1. Give me the angle, in degrees from 0 to 90, between the Cα long axis of helix 162-172 and the longest principal axis of the Cα atoms of the chain, rounded to the nearest 10.
2. Volume per residue, Å³, of the convex hull around the alpha-carbon atoms of the chain?
3. Rank the residues 293, 248 as a footprinting-exposure proxy: fewest other Cβ atoms within 10 Å of their Cβ go first.
4. How high is the relative contact order of the chain, in percent, with contacts defined as C-alpha pairs under 8 Å that are six or more residues apart?
5. Which loop-located chymotrypsin sites (Phe, Trp or Tyr not before Pro) does region 1-89 contain, where loop means any DSSP state but H, G, I, E or B and the Cβ has at most 15 other Cβ atoms within 10 Å?
6. Sort 153-165, 235-247 by the packing proxy (mean of other Cβ within 10 Å over each peptide's residues), most packed first.
7. Net charge near residue 14: determine it from the other residues with C-beta under 12 Å of the C-beta of residue 14, scoring Lys and Arg +1 and Asp and Glu -1.
8. Measure nothing but the geometry: give the 0 to 90° angle between the long axis through the Cα atoms of 307-320 and the longest principal axis through the Cα atoms of the chain, rounded to 10°.
Amino acid sequence: MLVLGIETSCDETGIALYHTEHGLLGHALYSQTEMHSEYGGVVPELASRDHIRRVLPLIRQTLAAAKLELQDVGAIAYTQGPGLAGALLVGASVAAAMGFALKVPVLGIHHLEGHLLSPLLSTPAPVFPFVALLVSGGHTQLMEVSGVGRYKLLGETVDDAAGEAFDKTAKLLGLGYPGGPALSELAEEFSRSGKPKQFKLPRPMLHSGDLNFSFSGLKTAVLTLTNKHGITQQTRGGIALAFQEAIVEVLTEKSLAALTQTGLTQLVVAGGVGANRQLRASLSRRAAETGAVVFYPELEFCTDNGAMIAFAGAMRLQQAGIRNQLVGSFTVRARWDLELLETP
Ligand code: KG4
Ligand code: ZN
């Protein structure tokens, strides 16, 4: 069966076609980053309006590229939450209307379930059970993933998400939005220059004895540093490196602790911060010391995308059969606890 996936939870319109027998047949993404960068962050109303503009042309484009017709679609999966309510409503209403017109089932998918299952789209793929480190602009969580719909929260951030901390710190350093990749570049450049390290920042909650994180203090620590030393050509790189080292060490050590606590040997990294090269190097190095394996899905499946939603929809349809048929009405859940999700 061919599943059309629609992702509109934040600032990316993602569309994908996943076939339960033939795999991923096509996907496309439109990112609104440039539009929001002018405002230094995502403007929800602009995001919703842009999803409206993009979603139908992107569906047509994805079908055409895969040489498929609308009539080939056997089910539709859309991101039901969590996310921006207005943005979610665009995907939900398009999915419901198309489902009604095509007389096919429509499934609302939890965005984080999409992220947690997305590593299964890559080769080599991990096998259940595994630990997932989900590090995006909105989430920082360690999860035990035992199967579709079987997720146990091991730990999460008590304040800012890792990506949010990267973005806020980058903003402090005058690096624009979203600043995570720019901050990371700056830190690497400083590292390569061979200059001595000037600063060291705290490792928040490293020894808290649990698997939770806290990153808002780190941003304040950077602010204190910049107030004291100013933001100059000389200090900027050193501060970026100190910040990145602190966040990478905490994420690495807590991920390793999660593997020890669960007795599992596979770690999967999902979310935009998973693109960070220092984080990848650090996780791989520490995991190798303990005999664990780390999986890094391709970046296009790490960040928000439609493929993960189509895939999660396909998995649920295969396991539960088509009993979630939804005709003529739809709901979104801007806030939605992943642990409340039912197993199919
Ligand atoms: O998963 P994602 O694309 O979107 C959601 O938040 O759902 O993650 C985006 C986040 C942003 O905060 C961005 O700054 C961060 O991932 N990011 C990075 C890097 N690339 C993206 N942070 C650090 N290093 C990077 N190379
Ligand atoms: Zn996401």
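1. With both axes taken from Cα atoms, the answer is about 60 degrees.
2. Numbers: hull volume 45.2 nm³, N = 344.
Hull volume over Cα atoms, normalised by residue count, gives 131 Å³.
3. With the sparsest Cβ surroundings first, the list reads 293, 248.
4. Details: 713 pairs, mean separation 88.9, N = 344.
That works out to 26 percent.
5. Within region 1-89, the qualifying chymotrypsin sites (Phe, Trp or Tyr not before Pro) (loop, at most 15 other Cβ atoms within 10 Å) are 39.
6. Ranked by mean Cβ neighbours within 10 Å, highest first: 235-247, 153-165.
7. Here the charged neighbours net out to -4.
8. Orientation of helix 307-320: about 50 degrees from the principal axis.
Each value in this text was obtained by applying a stated rule to the coordinates, not by laboratory testing. Computed from a predicted model, the values in this text were never measured in an experiment. Cβ sites come from the backbone with ideal geometry, for glycine too, and all protein chains shown count toward neighbours.
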